[in-house]
Amino acid sequence: MRVMLVDSGEIYLERTRAMGKPYPHSGIGYLATTLVEEGYQVTIVDMAAQQLSRNDVADLIRKTHPDVVAISSMTYAILCAYSIAEAAKSAGCTVIAGGVHPTLLPERTLKECSSIDYIVCGEGEAALPALLAHLESDHIDTLPNVAYRTETQIKKNPVHYIQNLDDLPFPDWSLFDYSLYYRLPTDEGEIALYQINSSRGCPYTCTFCSPLHGKKVRFRSAENLVQEMKANHEQFNARHFDFADSNATLHKKNFMAMCTLLGKEGLSDEVGWSIDTHVNHVDKALLEQAAKAGLKFMSIGVESGDQTLLRHIGKKITLPAIEKTIKTATALGIRVKCSLLLGHPYETLETAKKTFEFALYLRKKYGIEYYYNLVDVYPGTHLYSMVEQGEGGARWISGKRNNWAAYRRDEPMIEVNDLTEEVLQTLYRQYTQVLDEQRGSSFYEGGE
């Protein structure tokens with residue numbers, strides 16, 4: 001059976017701007033590798049990296065005639081995914097959708113796009129091969145993680161999560177054309193970036209997030225992680241890894257063991273790596289060991305410079321703890337990037353100014369890099385419910401509610417209290433301009 005895996009979206013939307021894609025989608029890497037091991041013929045289409053339009057993909061489907069087209073989509077790209085699904089269905093293909101948006105809204109996705117036959121919800125390494133094996137049978141109703149239509153209704157089977165992540169194969173990056181992806185400038189020349197996952201799931205309850213992999217966190221062993229890094233270093237000369245986890249240091253013992261193993265394997269001086277983490281799960285001892293093991297970049301969720309608003313966002317952190325973490329990391333030579341939000345429920349002109357001033361202070365004193373986004377309101381999140389109920393002065397901007405084309409992070413979706421759409425746009429432009437004028441240590445552009 002011939003399967004085409006499509007990473008939808010004509011651009012790669014990195015925070016508030018389109019940029020070159022840093023690396024292949026790791027989820028598609030896992031799926032492609034699993035399917036190849038199961039004996040399927042797999043073609044991967046990465047629209048943003050290959051700079052393909054919807055019409056380009058439609059032409060490719062008609063020319064190559066895959067049996068199945070499986071499309072992964074974020075919310076901002078779901079309309080593109082619908083267009084590809086229609087082209088695939090008109091070409092006689094079975095169409096499967098997956099990724100964050102279809103996982104959060106399987107019933108709505110199937111209602112909005114009649115060309116999608118099935119949705120794989122959540123983790124697909126076991127579910128997708130099982131679905132492909134049963135496409136011609138009557139046993140779809142027994143397959144975990146699958147949503148589908150019957151003659152009278154839309155059904156969603158129970159979602160199961162993979163418990164032993166060490167059982168998953170390492171993504172085979174040779175299935176992708178790596179010349180299409182971003183290369184990081186270094187003193188020794190440009191190097192490719194490789195994504196790696198050390199865990200799945202998140203125990204936190206930030207209002208704006210709905211974890212794709214559930215609340216229960218499952219961890220890969222330190223040995224398994226280092227084996228993957230070593231294998232990619234040997235096969236592809238991989239020299240930098242981005243950990244995709246929202247909190248790579250949640251399991252401190254396992255993280256420290258990984259750092260120790262990187263030293264024992266001689267990789268500490270050969271590869272660098274980046275993590276996203278939580279202020280409450282790092283300390284000086286951990287950062288010292290991580291720096292010795294090759295940690296170069298660290299992203300943390302700051303979100304606001306107002307302590308009360310942090311509580312409303314669900315961030316169980318304090319401003320002094322944030323600064324302490326940044327101070328410790330930068331003293332060790334670890335570059336830090338902070339995520340910031342504008343326009344969350346309970347936001348006011350005063351709290352917005354506090355966030356800007358806190359970010360500017362951190363940028364001047366520690367050279368932080370930053371993401372600064374107008375808040376996106378995703379279905380299935382607590383934030384969505386807050387806006388629906390008008391909590392914290394939040395209200396939808398006309399035409400933005402459930403408008404999938406409106407998800408860009410540099411345009412407001414909601415107004416809140418005294419912050420109208422026009423005011424939010426003005427503040428966003430003014431604050432980012434001032435922050436950009438203060439040079440930081442760029443994450444993917446070398447830095448000073």
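The values are calculated or read from the model by the stated rules, or taken from the named source; none is laboratory data. What you see is a predicted model; the values in this text were computed from it and never measured. When we count neighbours, we look across all protein chains shown, and the Cβ atoms used for this are built from the backbone with ideal geometry, even at glycine.
Here are a few things to note about the model shown:
- Looking only at the range 29-62, residues that are outside any helix (DSSP H, G or I) and acidic (Asp, Glu) come to 2 in all.
- Options Ile84, Ile11, Ile28; residue that is over 18 Å from the mean Cα position of the chain (by Cα) and of a type in the set (A, V, I, L, M, F, W, C): Ile84
- Candidate set from the range 366-377 (those that are hydroxyl-bearing (Ser, Thr, Tyr) and buried (at least 20 other Cβ atoms within 10 Å of the Cβ)); member that is farthest from Leu105 (Cα to Cα): Tyr370
- The residues in the range 198-256 that are outside any loop (DSSP other than H, G, I, E, B), crowded, with 18+ Cβ neighbours inside 10 Å and of a type in the set (A, V, I, L, M) can be counted, and the count is 4.
- The number of residues in the range 136-172 being among the β-branched types (Val, Ile, Thr) and surrounded by 15 or more Cβ atoms within 10 Å (Cβ to Cβ) comes to 5.
- Within this structure, Ser304 fails the test of being assigned by TED's automatic domain parsing to the domain that holds Cys202, without any contact (Cβ under 8 Å) to a residue 40 or more places away in the chain and either in contact with a Pro (Cβ under 9 Å, 6 or more places away or on another chain) or among the polar types (S, T, N, Q) (or both).
- Qualifying position, being surrounded by fewer than 21 Cβ atoms within 10 Å (Cβ to Cβ), without any contact (Cβ under 8 Å) to a residue 60 or more places away in the chain and within 30 Å of Glu107 (Cβ to Cβ), among Gly399, Gly333: Gly399
- Hits in the range 365-388 (condition: touching a strand residue (DSSP E or B) at 6+ places or on another chain (Cβ under 9 Å) and either farther than 15 Å from Met413 by Cβ or in a helix (DSSP H, G or I) (or both)): Tyr366, Gly367, Ile368, Glu369, Tyr370, Tyr371, Tyr372, Leu383, Met386, Val387, Glu388
- Test result for Ala291, assigned by TED's automatic domain parsing to the domain that holds Thr328, part of a helix (DSSP H, G or I) and not hydroxyl-bearing (Ser, Thr, Tyr): yes
- Filtering the range 273-288 to residues that are in a loop (DSSP other than H, G, I, E, B) and not acidic (Asp, Glu) leaves His278, Val282.
- Flag for Ala405 being touching a residue at least 40 places away in the same chain (Cβ under 8 Å), under 26 Å from Leu13 (Cα atoms) and exposed (fewer than 15 other Cβ atoms within 10 Å of the Cβ): yes
- The range 257-272, residues that are of a type in the set (Gly, Ala, Ser), in a helix (DSSP H, G or I) and under 17 Å from Ile334 (Cβ atoms): Gly263
- Ala192 meets the conditions (1) in contact with a helix residue (DSSP H, G or I) (Cβ under 8 Å, 6 or more places away or on another chain); (2) in contact (Cβ under 8 Å) with a residue 12 or more places away in the chain; (3) outside the structural domain of Arg218 (by TED's automatic domain parsing) in every case but one. The failed one is (3).
- Ala329 vs. criteria of a type in the set (Gly, Ala, Ser), touching a Cys at 6+ places or on another chain (Cβ under 9 Å) and part of a helix (DSSP H, G or I): no
- Note on the range 302-326: residues that are surrounded by 15 or more Cβ atoms within 10 Å (Cβ to Cβ), in a loop (DSSP other than H, G, I, E, B) and within 23 Å of the chain's Cα centre (by Cα) amount to 4.
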